[in-house]
Amino acid sequence: MTCEFSQNLDILRQIDLFSALPIESLKVFALMSSREKYKAGDVLFQQGEDDGQAFYIFSGAGELVYKGDGPEEVIRTVGAGQMIGATAILGEVPRLFSFRAVTELECFLMEREKFRTTLEQFPAILPKIIKTLVQKIHAREKVFLTSRNPDCEACKKNLGVIFD
């Protein structure tokens, strides 16, 4: 357990969402998280569900899959060093896509209720988490702004607007 705890702590220090947090809160997050292994083909979460889990990938690869009106579409492949589903630990939202293992996958798993329990113990960390989220949203909007199709009216309408 000590080895896994130390590894979890090291991983948390590498994840943007947690890297600026005090060590005391990181230790609690490390204790409340688990490591999980999945086989190729396993679905870690399903589009439309609200499972309240976030995954940091240690090894292997998975694909983000979107099912709209047409056939299933692989949005992208993700792998080691990436965190998937962070919004699910922050609030109750349905998944916008599914996440499926392409290879054997080892993940660090964090659950919403355990995340919230830690926030209750360390309320002073919330502003740091919000700051990190704002920086990520800003960076993504900047990328979107410079790479979008200039003729996409829906894109222009939604850029920069969070609250209508």
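Where does helix 2-14 land angle-wise versus the long Cα axis of the chain, in degrees 0 to 90, nearest 10?
40 degrees
For the chain, take the longest principal axis of its alpha carbons; what is the angle in degrees between that and the long axis of helix 23-32, to the nearest 10 within 0 to 90?
Here the helix axis deviates by roughly 80 degrees.
Considering the chain as a Gaussian network with a 10 Å cut-off on Cα pairs, which listed residue, VAL102, VAL134, VAL143, attains the greatest mean-square fluctuation?
Answer for the Gaussian network model of the chain: VAL143.
Mind giving me the nanometre distance, one decimal, between the label points for THR103 and GLU4, set 7 Å out from Cα along Cα→Cβ?
My value for the distance between the label points is 2.3 nm.
Kirkwood-based Rg over Rh for region 67-160 (C-alpha set), two decimals?
Ratio value, two decimals: 1.01.
Please pull out the direction-averaged projected area of region 1-75, using the convex hull of its alpha-carbon atoms, in nm² to one decimal place.
Hull-based average projected area comes out at 6.4 nm².
Show the residues, 5+ positions off or on another chain, whose built amide H is closer than 5 Å to the amide H of ARG35.
Close amide H contacts, sequence-distant or interchain: LEU109.
Hey, what do the phi angles of region 130-143 turn into as Karplus ³J(HN,Hα) couplings, whole Hz, using 6.51/-1.76/1.60 and θ = phi - 60°, x for Gly and Pro?
With the stated coefficients, region 130-143 comes to 4, 4, 5, 4, 4, 4, 5, 4, 4, 4, 5, 5, 5, 4 Hz.
If amide hydrogens are placed 1.01 Å from N in the peptide plane, which non-local residues have theirs closer than 5 Å to the one on GLU49?
Placed amide hydrogens put ARG95 under 5 Å from GLU49.
Compute the separation of the alpha-carbon centres of region 66-100 and region 1-53 and state it in Å as a whole number.
One Cα centre to the other: 17 Å.
Just GLY48, GLY62, GLY85 to compare: in a GNM of the chain, with alpha carbon springs under 10 Å, which one fluctuates most?
Result for the chain, Cα springs under 10 Å: GLY48 fluctuates most.
Projected area of the chain, taken from the Cα convex hull and averaged over every viewing direction, in nm²?
Average projection, Cα convex hull of the chain: 10.9 nm².
Could you list, in their original order, any pairs among LYS27/LYS131; LYS37/LYS67; LYS37/LYS131; LYS39/LYS128; LYS67/LYS128 whose Cα atoms are separated by more than 27 Å?
Values: LYS27/LYS131 21 Å; LYS37/LYS67 25 Å; LYS37/LYS131 31 Å; LYS39/LYS128 35 Å; LYS67/LYS128 34 Å.
In this structure, LYS37/LYS131; LYS39/LYS128; LYS67/LYS128 exceed 27 Å between Cα atoms.
Grab the Cα-Cα distance for GLN135 and LEU31, subtract it from 0.36 nm times how many residues apart they are, and report the gain in nm with one decimal. Let's see the in-between values first.
On the way: separation 104, 0.36 × 104 = 37.44 nm, distance 2.70 nm.
That pair, GLN135 and LEU31, stretches by 34.7 nm at full extension.
What are the ³J(HN,Hα) couplings of region 46-63, residue after residue, when phi is run through the Karplus curve with 6.51, -1.76, 1.60 and θ = phi - 60°? Round to Hz, x for glycine and proline.
For region 46-63, the Karplus-derived couplings read 10, 3, x, 7, 10, 9, x, 10, 10, 10, 9, 8, 7, 8, x, 9, x, 10 Hz, x marking Gly and Pro.
Coordinate-derived values only; no laboratory data. Source: prediction; values computed, not measured. In this analysis, Cβ positions are derived from the backbone assuming ideal geometry, glycine residues included, and neighbour counts consider all displayed protein chains.
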